[in-house]
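So the structure is just underneath, and the comments pick up after that.
The values are calculated or read from the model by the stated rules, or taken from the named source; none is laboratory data. The model shown is predicted, which means the values in this text are computed figures rather than measured ones. Cβ sites come from the backbone with ideal geometry, for glycine too, and all protein chains shown count toward neighbours. Surface areas here come from the heavy atoms of the whole protein model, side chains and all, with no ligands, DNA or RNA. Shrake-Rupley method; radii C 1.70, N 1.55, O 1.52, S 1.80 Å.
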Amino acid sequence: MRVLDNLRHWDRPKVYRYALLLCLSLSGDGYSYESSVIASIIQLPAWIAHIGYGDTGVIPDNKNQWIGPVYSLGQLVGGLVAAFFLDTLGRRPTMFAGALAMELSTALLVWSPSFGVVIAARIIEGVSIGFVLLGYQIYAVEIAAKEDRGFVSSFTLMTGNFFGLLAVRHGITYSTSNTGWRAALGVTFIPATLLLLALPFTPESPRYLYEKGRAEECRRVLAKLHGGHVEGGAVVLSEAAEIEYDAMKAAIDWDQQHGQDKWAALWNTKAARYRSFVAISSQSWWAWNGQSIFTYYYTQVFAAAGITNTHLQFGISGIQNASWCIGGIVGGYLLDVWGRRTNYLIGVGQACVCLVIQGALAIGIFDKGVTNHAAGAGFVSVYIIQWFLWVTFFSPVVNMLPAEIYSAGLRARGYAIANVASMGVGFATQYSALPMYRRLNGWVWIFFAGCMALAFAVIFFTYPETKGITLEEIEIVFGSGAGQRVREALAGASPSLDVTGNDDDEPDTKNKADTRVDYAVV
């Protein structure tokens, strides 16, 4: 696809899809917003005093270590429970439950009478994001067109970055009272409430409807999303929508007939294990890029670099949030132009290089107790560049990839398992971040650089490309049994299909990274 293709051809179904997903995306990417806000708040003397540590002005390490990672435990549990909701009740009710939990967690955080309530609120917040994140990502990939699935899936990242910037703008930086941090936390009421208002007007996912035997309702939703009309009481789909329906029907029918919509189908074939490997590993790389230290202890990192003015530290955080707003839009759009693998590789590759530079500065200067403002400015500049590029290239793809590579019957469960891995690793790295930083000092950045180098190698040699093809065509890419049925359905409805791979539920292991679906017009 050429760079400007997605900006053209705005028919009525496309406008409807974009409007719908933009409204739902106002829930935001919970982690982007939460991490940027809480990272500022836990440094504020007013907040520290409010929760009971005003006499020392410091939260004890054994408690401070829990503030960040406990959120991951909440999302871990929330993701597992959300899988049951998504498969049993549907995509809409799951997002509705997540929005309600978000309202509750926000109210508790704004109140924050004690450390215990803060921990409980952050657990509930993590649960809510588990519901909203899985709900939105799965819904978005299931209603999107193949040409812009990556872009619309990243809408939550864009809105999450915007709300994070809005929170900083609402007085965190310079407030010395409780008003600033309460206003910042209260901003979360906005996306949660908007999501609750939008959901009653949101149609259910067509793939969920077909899975539940509601084929006629599925066709009606497809007509609204991808073109069609009702004629004589029957739904007449556009050619593209009819082809999508045939492929969807073929894949879901095969999975249900062969028990490939059960938990065991996540690992009972080579194709299933390959798919789960990609999903789980892709969700785990983010925890090894050093953000666990930057997010929750950045004032200490900046102090080591000679930048000790609190207002300047928070000002840098605000600039960073502003750059993320731009990066999220650009990166999300490029997912459908350059592809998922390319974005992933740029994201982890540049992180590796930047972490090496930061490690060299820290080991050579800061760890020796030398205050060098030029080196400090260089350290922070590299940090800002690294995170802008990370949000631009890595963040847009990490949330959507597990949603698009699983089949309809496994999408919620597969994403839930990948989310468990993601949050489990996130909890471990966040909980160990402070002692790791204090023990290793500058070498911690070299350690994370090595992790990013490993991620680059794994992605380059094992991840397939999935841009520009439908969800059902991805079944062919992974060599699942449903892929053969999809191939037959597509071949009967459109030009002949040439697919790299095989049809025995075993992926082509010789060149996984280049597996693709190509059409040749007869």
Scan the range 452-469 and give yes if some residue there is touching a Phe, Trp or Tyr at 6+ places or on another chain (Cβ under 8 Å) and of a type in the set (Gly, Ala, Ser), otherwise no.
yes
Residues that are under 21 Å from residue 402 (Cα atoms) and either open to solvent by 50 Å² or more (accessible area, probe 1.4 Å) or not in a helix (DSSP H, G or I) (or both), drawn from the range 52-76:
73
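Within the range 130-143, track down each residue that is aliphatic (A, V, I, L, M) and open to solvent by 10 Å² or more (accessible area, probe 1.4 Å). Spell out how you get there, then give the answer.
Of all residues in the range 130-143, those aliphatic (A, V, I, L, M) come to 132-134, 138, 140-141, 143.
Passing the criteria: only 133.
Report whether or not residue 127 is β-branched (Val, Ile, Thr), crowded, with 24+ Cβ neighbours inside 10 Å and either touching a helix residue (DSSP H, G or I) at 6+ places or on another chain (Cβ under 9 Å) or modelled with pLDDT of 95 or more (or both). Quick ask: steps written out before the conclusion?
Numbers: β-branched (Val, Ile, Thr): yes; crowded, with 24+ Cβ neighbours inside 10 Å: yes; either touching a helix residue (DSSP H, G or I) at 6+ places or on another chain (Cβ under 9 Å) or modelled with pLDDT of 95 or more (or both): yes.
Judged against the criteria, residue 127 is a match.
Give 499, 517, 486 a once-over and let me know the one that is at pLDDT 90 or above, out of contact with any Phe, Trp or Tyr (no Cβ under 7 Å at 6 or more places or on another chain) and open to solvent by less than 30 Å² (accessible area, probe 1.4 Å).
Working: 499 fails: at pLDDT 90 or above; 517 fails: at pLDDT 90 or above.
So the residue among 499, 517, 486 that is at pLDDT 90 or above, out of contact with any Phe, Trp or Tyr (no Cβ under 7 Å at 6 or more places or on another chain) and open to solvent by less than 30 Å² (accessible area, probe 1.4 Å) is 486.
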Given the options 259, 228, 232, name the one that is open to solvent by 60 Å² or more (accessible area, probe 1.4 Å), at positive phi and out of contact with any Asp or Glu (no Cβ under 7 Å at 6 or more places or on another chain).
232
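Suppose the filter is at pLDDT below 90 and among the polar types (S, T, N, Q); does residue 300 pass it?
Numbers: at pLDDT below 90: yes; among the polar types (S, T, N, Q): yes.
Here the answer is yes, as residue 300 does meet what is asked.
What helices (runs of 4 or more DSSP H) lie completely within the range 366-409 and have 1 or more residues being under 28 Å from residue 249 (Cβ atoms)?
Working: elements: 373-389, 395-398, 401-405.
In the range 366-409, the matching helices (runs of 4 or more DSSP H) lie at 401-405.
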All-but-one check, residue 348 against (1) under 11 Å from residue 393 (Cα atoms); (2) open to solvent by less than 30 Å² (accessible area, probe 1.4 Å); (3) hydrophobic (A, V, I, L, M, F, W, C); (4) outside any helix (DSSP H, G or I), failing number (4)
Those residues of the range 77-118 which are open to solvent by 20 Å² or more (accessible area, probe 1.4 Å), farther than 19 Å from residue 406 by Cβ and outside any helix (DSSP H, G or I), in sequence order:
113, 114
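Identify, from the list 250, 192, 183, the residue that is under 28 Å from the mean Cα position of the chain (by Cα) and buried (at least 20 other Cβ atoms within 10 Å of the Cβ). Write out each step before concluding.
On the way: 250 fails: under 28 Å from the mean Cα position of the chain (by Cα); 183 fails: buried (at least 20 other Cβ atoms within 10 Å of the Cβ).
On inspection, the qualifying residue turns out to be 192.
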Restricting to helices (runs of 4 or more DSSP H) lying wholly in the range 207-293: which have 1 or more residues that are within 30 Å of residue 434 (Cβ to Cβ)?
270-282
In the range 382-417, how many residues are open to solvent by less than 10 Å² (accessible area, probe 1.4 Å) and polar (S, T, N, Q)?
3
Restricting attention to the range 267-284, and to residues there that are modelled with pLDDT of 95 or more and aliphatic (A, V, I, L, M), which single residue is most open to solvent (accessible area, probe 1.4 Å)?
280
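Okay, residues lined up against (1) modelled with pLDDT of 90 or more; (2) small (Gly, Ala, Ser); (3) out of contact with any Leu (no Cβ under 9 Å at 6 or more places or on another chain):
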position	(1), (2), (3)
236	yes, no, yes
239	yes, no, yes
242	yes, no, no
245	yes, no, no
250	yes, yes, no
260	no, no, no
Taking the conditions exactly as written (part of a helix (DSSP H, G or I), open to solvent by 30 Å² or more (accessible area, probe 1.4 Å), touching a residue at least 24 places away in the same chain (Cβ under 8 Å) and under 24 Å from residue 152 (Cβ atoms)), does residue 427 satisfy them or not?
no
Mind telling me which of the residues 240, 287 ends up being crowded, with 18+ Cβ neighbours inside 10 Å and among the hydrophobic types (A, V, I, L, M, F, W, C)?
287
What pairs come up if the first residue lies in the range 380-394 and is within 16 Å of residue 340 (Cβ to Cβ) and of a type outside the set (A, V, I, L, M, F, W, C), the second is assigned to a helix (DSSP H, G or I) and at pLDDT 90 or above, and their beta carbons are under 7 Å apart, counting only those six or more places apart or on different chains?
392/330; 392/331
List every residue pair whose Cβ atoms lie under 7 Å apart, where the two residues are 6 or more positions apart in sequence or sit on different chains, the first residue falls within the range 1-25 and is outside any helix (DSSP H, G or I), and the second residue, located anywhere, is not aliphatic (A, V, I, L, M).
1/147; 1/336; 1/468
